[in-house]
Amino acid sequence: MSDWVLKCAELLLPLYDRLHWFMGFVAILHADETTLQVLREAGRSAQSKSYMWLYLTGAAEEKQIALYEYQEGRSGSFPSAFLKDFHGYLQTDGYSGYNAVEDDIRVGCWAHLRREFDEAVKAQPRGTKTGSAVEGLAYCTKLFVIERESRDLPPEKRYEERLKRGKPLLEQFKSWTDSREVSSKSKLGQAFTYLRNQWGNLTNYLLDGRLEISNNRAERSIKPFVMGRKNFLFANTPRGARASAVLYSILETAEANGLDPYRYLLFLLRNCQRQITAAPTG
């Protein structure tokens with residue numbers, strides 16, 4: 001069965017490459033990455049961490065593309081190479097490796113910051129309902145309320161609503177942050193450090209009404225692989241990891257475009273087989 005999967009991925013690789021090519025022309029991408037264990041990588045132990053990267057088109061794009069890419073590490077050189085033809089908005093979490101991508105505008109993730117403040121609230125003594133952690137979390141929540149209330153607006157109107165309601169709130173948040181001093185070793189300090197380091201990226205969602213306030217889109221899309229990994233645990237070889245990347249890409253792209261993944265895969269493989277059969281020889 002493993003050989004069948006590898007052969008299927010080989011047949012579908014031209015489509016994967018074509019989808020990768022199309023990504024160079026979109027305006028918005030989301031990205032995320034997760035670990036993967038590959039047992040037989042040259043020069044590395046079986047316990048080494050490899051990574052499955054995900055690149056996903058923005059919700060406003062007419063055609064949706066989700067591409068997974070296996071790489072042996074988490075270096076910024078990997079997204080830099082994969083996105084070398086991309087020139088647009090790249091929305092990610094705060095991982096610095098994405099800074100290596102050139103000619104893009106980085107957009108941060110408010111969901112990550114909100115989690116940081118939520119963790120700080122949870123670290124307080126039970127029953128505490130005041131303090132900087134609670135205030136910081138409240139600011140984040142208010143921003144998400146604005147997004148929820150403007151979700152169904154067209155991008156142009158959402159852009160205007162963000163400038164009208166979100167920007168003043170962000171300015172208040174920044175002033176409040178600058179007036180606070182907290183230990184960087186505490187949970188609250190970690191939240192403040194994330195906020196201060198990422199402030200430019202975090203506020204870039206104001207630039208375009210098609211952008212989102214968080215990178216939750218990519219986090220949701222990488223979950224199918226994470227759930228699958230809980231079952232298959234590891235890849236035996238890099239070839240198998242790459243095959244997984246191709247197949248997950250084709251199936252998740254199909255689902256993102258409202259297609260039945262099984263029927264779409266069947267259609268592709270049947271047509272691949274026809275092309276192979278009809279291909280001239282000699």
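The values are calculated or read from the model by the stated rules, or taken from the named source; none is laboratory data. In this text the structure is predicted, and so the values were computed from the model without any measurement. Every residue, glycine as well, gets a Cβ built from its backbone with ideal geometry; the counts of neighbours run over all protein chains shown. Ligands, DNA and RNA are stripped out before the accessible areas are found, and what is left, the full protein with its side chains, is counted by its heavy atoms. Shrake-Rupley method; radii C 1.70, N 1.55, O 1.52, S 1.80 Å.
Consider Tyr194 carefully, then state whether it is in contact (Cβ under 8 Å) with a residue 40 or more places away in the chain, open to solvent by less than 40 Å² (accessible area, probe 1.4 Å) and in contact with a strand residue (DSSP E or B) (Cβ under 6 Å, 6 or more places away or on another chain).
Answer is no for this residue.
List pairs: first in the range 125-145 and in contact (Cβ under 8 Å) with a residue 12 or more places away in the chain, second hydroxyl-bearing (Ser, Thr, Tyr), Cβ under 9 Å, 6+ apart or cross-chain?
Cβ pairs passing all conditions: Val134/Thr128; Gly136/Thr177; Tyr139/Thr177; Phe144/Ser214.
So if I check each of Ser175, Ser179, Ser184, which one is closer than 27 Å to Tyr95 by Cβ and open to solvent by 40 Å² or more (accessible area, probe 1.4 Å)?
Numbers: Ser175 fails: closer than 27 Å to Tyr95 by Cβ; Ser179 fails: closer than 27 Å to Tyr95 by Cβ.
One residue alone meets the criteria, Ser184.
Name every residue in the range 203-226 that is open to solvent by less than 20 Å² (accessible area, probe 1.4 Å) and either in contact with a helix residue (DSSP H, G or I) (Cβ under 6 Å, 6 or more places away or on another chain) or on the phi > 0 side of the Ramachandran plot (or both), in order of residue number.
Passing the criteria: Gly209, Leu211, Ile213, Ser214, Phe225.
Being in contact (Cβ under 8 Å) with a residue 12 or more places away in the chain, under 24 Å from the mean Cα position of the chain (by Cα), open to solvent by 80 Å² or more (accessible area, probe 1.4 Å) and over 18 Å from Gly58 (Cβ atoms) is the requirement here; does Arg229 meet it?
Details: in contact (Cβ under 8 Å) with a residue 12 or more places away in the chain: yes; under 24 Å from the mean Cα position of the chain (by Cα): yes; open to solvent by 80 Å² or more (accessible area, probe 1.4 Å): no; over 18 Å from Gly58 (Cβ atoms): yes.
No, not satisfied.
Determine the pairs where a residue that is over 17 Å from Lys185 (Cβ atoms) and open to solvent by 70 Å² or more (accessible area, probe 1.4 Å), located within the range 105-124, has a partner that is modelled with pLDDT of 95 or more and assigned to a helix (DSSP H, G or I) with Cβ atoms under 6 Å apart, the partner being 6 or more residues away or on another chain.
Pairs found: Arg114/Cys140.
Considering only the range 179-216, state which residues are over 19 Å from the mean Cα position of the chain (by Cα) and charged (D, E, K, R).
Arg180, Glu181, Lys185, Lys187, Arg196
On the phi > 0 side of the Ramachandran plot and open to solvent by less than 40 Å² (accessible area, probe 1.4 Å): which single residue out of Gly127, Gly97, Gly73, Gly131 fits that description?
Values: Gly127 fails: open to solvent by less than 40 Å² (accessible area, probe 1.4 Å); Gly97 fails: on the phi > 0 side of the Ramachandran plot; Gly73 fails: on the phi > 0 side of the Ramachandran plot.
Matching residue, one of Gly127, Gly97, Gly73, Gly131: Gly131.
Considering Gln91, Gln172, which residue is among the polar types (S, T, N, Q) and in contact with a His (Cβ under 7 Å, 6 or more places away or on another chain)? Can you show your working first?
Details: Gln172 fails: in contact with a His (Cβ under 7 Å, 6 or more places away or on another chain).
It is Gln91.
Starting from the range 1-21, take each residue that is in contact (Cβ under 8 Å) with a residue 12 or more places away in the chain and list its partners that are among the aromatic types (Phe, Trp, Tyr) and outside any helix (DSSP H, G or I), counting only C-beta distances under 8 angstrom and pairs at least six apart or across chains.
Hits for this filter: zero, empty list.
I'd like to verify a number: residues in the range 146-156 that are open to solvent by less than 40 Å² (accessible area, probe 1.4 Å) and either among the hydroxyl-bearing types (Ser, Thr, Tyr) or out of contact with any Lys or Arg (no Cβ under 7 Å at 6 or more places or on another chain) (or both), how many? Talk me through it step by step, then tell me what you get.
Within the range 146-156, the first condition is being open to solvent by less than 40 Å² (accessible area, probe 1.4 Å), and the residues that meet it are 146-147, 150.
Among the residues that remain, those that are also either among the hydroxyl-bearing types (Ser, Thr, Tyr) or out of contact with any Lys or Arg (no Cβ under 7 Å at 6 or more places or on another chain) (or both) are: 147, 150.
The total comes to 2.
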